[in-house]
Amino acid sequence: LLVSGKLMEYLASGNQVLVLGKTKGDAAAIINEVQSSAIVENHDYEGVYTQLKTMLSSDFKNENIPSAINKYSREATATQLATLLLERLKG
């Protein structure tokens, strides 16, 4: 799993995030998990328009943001990395 640190920071901010990129892959899986965010293919102009309308409407709720994104915070990812490193050193 290799995902940009910037993506993690954006998600951890608690704000809605609209990502333009590939809708399959590791980053897409994470974005789909976070209910306040969405991903649309780069050249899907209609999809971008539709998703922006949805995100700006009251129908796009972000009630579960903290629990969904907490594991992507710097603290949580640093803890995961430290755990992995310690396991390898002991291993």
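Criterion applied to 48, 34, 40 was being within 23 Å of residue 5 (Cβ to Cβ) and modelled with pLDDT of 85 or more, and the one residue passing it is 40.
State whether the residues of the stretch 18-25 include one that is modelled with pLDDT of 90 or more, touching an Asp or Glu at 6+ places or on another chain (Cβ under 8 Å) and loosely packed, with under 13 Cβ neighbours inside 10 Å. Full working, then the answer.
Let us first name the residues in the stretch 18-25 that are modelled with pLDDT of 90 or more, namely 18-25.
In the following step, the residues that additionally are touching an Asp or Glu at 6+ places or on another chain (Cβ under 8 Å) were identified as 20-23.
Those still in the list that are loosely packed, with under 13 Cβ neighbours inside 10 Å too: 22.
Yes, the stretch 18-25 has at least one match.
In the stretch 37-46, the count of residues that are hydroxyl-bearing (Ser, Thr, Tyr) and under 20 Å from residue 69 (Cβ atoms) is one or more.
The values are calculated or read from the model by the stated rules, or taken from the named source; none is laboratory data. These numbers come from a predicted model, not from an experiment. Cβ sites come from the backbone with ideal geometry, for glycine too, and all protein chains shown count toward neighbours.
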